[in-house]
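Values quoted throughout were computed directly from the atomic coordinates according to the rules given, and no laboratory measurement underlies them. Computed from a predicted model, the values in this text were never measured in an experiment. All Cβ positions, even for glycine, are placed from backbone atoms using ideal geometry, and neighbour counts span all protein chains on display.
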Amino acid sequence: MVAALVVPLLVGLLAVAAAPAPASAARAFFVFGDSLVDNGNNNYLITTARADAPPYGIDYPTHQATGRFSNGLNIPDIISEHLGAEPALPYLSPELRGDKLLVGANFASAGVGILNDTGVQFVNIIRIGDQLQYFREYQRKLRALVGEEQAKRIVNGALVLITLGGNDFVNNYYLVPMSVRSRQYAIQDYVPFIISEYRKILSRLYELGARRVIVTGTGPLGCVPAELALHSRRGECAAELTRAVDLYNPQLVNMVRGLNRVIGADVFVTANTNRMNFDYISNPQNYGFTNVQVACCGQGPYNGIGLCTAASNVCDDREAFAFWDAFHPTEKANRIVVGQFMHGSTEYMHPMNLSTILAVDDEERRL
């Protein structure tokens with residue numbers, strides 16, 4: 001759920017095809033956030049924010065939906081490949097027990113935001129405070145399995161991904177004209193407010209033992225098919241949402257850097273997902289896309305109206321489309337983004353990319 005320098009096609013392809021890091025195969029992986037990283041928690045809840053029916057899913061020919069808001073793998077799945085590990089199961093999955101706990105857990109829930117009133121229309125979702133509470137509960141289960149000392153080592157040594165913020169704009173501030181939050185705050189005041197709330201969330205995550213956390217920025221919200229359908233006449237990105245993103249992302253980076261200074265270590269790493277996504281949106285031919293405006297699955301202008309369902313228009317060539325549905329990227333786009341997570345310069349990952357993190361942490365474990 002958005003840049004000037006464009007990564008050459010060759011570099012992009014090399015990043016996408018990069019081999020997983022086998023040295024980190026035993027490292028646990030925890031995921032927090034919204035639909036961009038939810039791998040099935042909401043499918044155990046009574047909510048409209050679900051992706052458990054075709055055409056969603058990895059194995060589309062057999063119509064086996066997997067709960068990802070994508071035509072295939074999402075960002076956590078692809079990161080797990082690079083870790084040399086199986087994907088962490090959704091926390092609500094009954095299969096998350098025994099040795100599966102050692103892999104980690106995905107606590108993300110589609111529709112949530114930084115604020116508790118974000119996504120209220122979806123009713124029954126796992127708000128971020130509840131995700132953190134589930135993380136505490138997970139650690140109790142882990143301690144029962146491996147003992148307190150080993151459980152602490154697993155949590156402290158884990159990689160953590162958190163993705164929040166997009167819904168606080170599209171499913172809160174800009175959800176309806178004259179929303180409660182837009183009457184309460186001008187956008188230039190709303191952004192510092194949610195940034196300050198996000199700082200509390202990250203601080204709590206650190207208190208709960210997270211020591212390597214990738215914090216993603218907000219992507220090009222004004223350029224997604226849903227917003228083009230509502231606001232665009234000739235395919236131009238929605239100006240208000242683009243302005244909001246341009247305010248939010250730099251303040252997020254500054255907040256994270258300040259938090260690291262207080263801690264005295266680079267616990268939190270920022271991912272410039274706005275730029276990562278905008279690279280292929282602004283130069284689709286460099287990445288093999290023929291369509292970066294229309295969703296593969298949907299209806300209405302740009303296929304950006306409503307949900308992706310079995311009754312929707314569905315494109316024939318998913319490799320040619322950057323967006324799967326009204327808000328979410330295709331697996332191909334997700335792989336481009338994770339390629340930058342792994343190998344991107346400090347313009348994309350600050351203060352270091354994921355390959356560097358894995359190498360540094362592996363070296364520290366050997367000392």
Can you tell which of GLY104, GLY111 is in contact with a Phe, Trp or Tyr (Cβ under 7 Å, 6 or more places away or on another chain) and within 27 Å of PHE169 (Cβ to Cβ)? GLY111
Of (1) more than 17 Å from ASN71 (Cα to Cα); (2) outside any helix (DSSP H, G or I); (3) in contact with a helix residue (DSSP H, G or I) (Cβ under 6 Å, 6 or more places away or on another chain), THR346 satisfies all except one. Which? (3)
Just one of the numbered conditions (1) out of contact with any Ser or Thr (no Cβ under 8 Å at 6 or more places or on another chain); (2) farther than 30 Å from VAL360 by Cβ is not true of VAL112; which one? (1)
Which residue pairs have Cβ atoms under 6 Å apart, sit 6 or more places apart or on different chains, and have a first residue in the range 119-146 that is closer than 13 Å to LEU96 by Cβ and a second that is surrounded by fewer than 19 Cβ atoms within 10 Å (Cβ to Cβ) and among the hydrophobic types (A, V, I, L, M, F, W, C)? PHE135/LEU208
For the condition of a type outside the set (Asp, Glu), assigned to a helix (DSSP H, G or I) and over 22 Å from VAL360 (Cβ atoms), what is the one hit in LEU230, LEU175? LEU230
Out of the residues in the range 249-273 meeting the condition of being part of a helix (DSSP H, G or I) and touching a Gly at 6+ places or on another chain (Cβ under 6 Å), tell me which one is farthest from ILE357 (Cα to Cα). ASN249
Just the residues that are crowded, with 21+ Cβ neighbours inside 10 Å, more than 24 Å from ILE263 (Cβ to Cβ) and of a type outside the set (Val, Ile, Thr), please, taken from the range 153-208. GLY166, ASN167, ASP168, PHE169, ASN171, ASN172, TYR173, TYR174, TYR190
